[in-house]
Amino acid sequence: LGKVSKQLLSGQRLFNATLECPSKWETFYLLACHLTIAEGGGISTTVDWADGNFELFPLADAPWQRAGYPVATVDGGLQQQQADAQLLLSGAEFSLAGWLQSFELFASKAGSITLIIFRPNCSSGSIYCTRQDACNPSATCSMTIDLNSTYVSKRQNATQTYSAAAIYPNVTVSSGYNRFVPSQHGLNEFEVLPGDRVGFQTTDSDL
């Protein structure tokens, strides 16, 4: 039997990193350790076999998806939105399940905003299907998505209703580009699901 000592060293900040290795293994069997991360890139690993041999290999970056289009560096967003109303951005839709990392937004001036993740209201036994833009039994919901592209529903279902699944109130923004990272403010992780959409609420219609 052999013993395993695990240690994770990072040159850059990682989010939600978990390293799992067996404490003991039989030397003539394959040894496997599993590292999972929610955010981070350019990671490499060094294995010290404690016999004078070292092994170095890179780790794959965590896949990620943007809901909606990249935020511009100039104001190209909504104009004269209604103050103090919850607004859902129909084009900012998640098509895959995963952990929410951050919000990006452009503000025309400094102020405060409430950021929201809306979730489709589906009856028991059904799930939201991105391709159909509707709630269907899970057995009839299937699609293939290119992870390197952003999928935006081509159809907008006017009868689909949504509820707020996550709310981040009183987020202070400055004029111009802003990026809000919930984990950097001590907030819990939130798992987005296919069909979830980004929205917001503000008391300032000119923000």
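Before moving on, here are some points about what is shown:
- Tally, over segment 151-169, of residues that are more than 20 Å from Glu93 (Cβ to Cβ) and at pLDDT below 90: 0
- Residue check for Thr36: polar (S, T, N, Q), within 16 Å of Ala17 (Cβ to Cβ), modelled with pLDDT under 75 and surrounded by fewer than 13 Cβ atoms within 10 Å (Cβ to Cβ): yes
- Residue selected from segment 164-191 under the condition closer than 21 Å to Leu87 by Cβ and touching a helix residue (DSSP H, G or I) at 6+ places or on another chain (Cβ under 8 Å), by the criterion surrounded by the fewest Cβ atoms within 10 Å (Cβ to Cβ): Phe190
- The set of residues from segment 98-131 being at pLDDT 90 or above and of a type in the set (Val, Ile, Thr) comprises Ile113, Thr114, Ile116, Ile117.
- Candidates Ala72, Ala85, Ala60 - the one that is assigned to a loop (DSSP other than H, G, I, E, B), out of contact with any Pro (no Cβ under 8 Å at 6 or more places or on another chain), surrounded by fewer than 10 Cβ atoms within 10 Å (Cβ to Cβ) and at pLDDT below 75: Ala60
The values are calculated or read from the model by the stated rules, or taken from the named source; none is laboratory data. On a predicted model such as this, the values are computed, not experimentally measured, just so you know. Ideal geometry is used to build each Cβ from the backbone, glycine not excepted, and the neighbour counts take in all protein chains shown.
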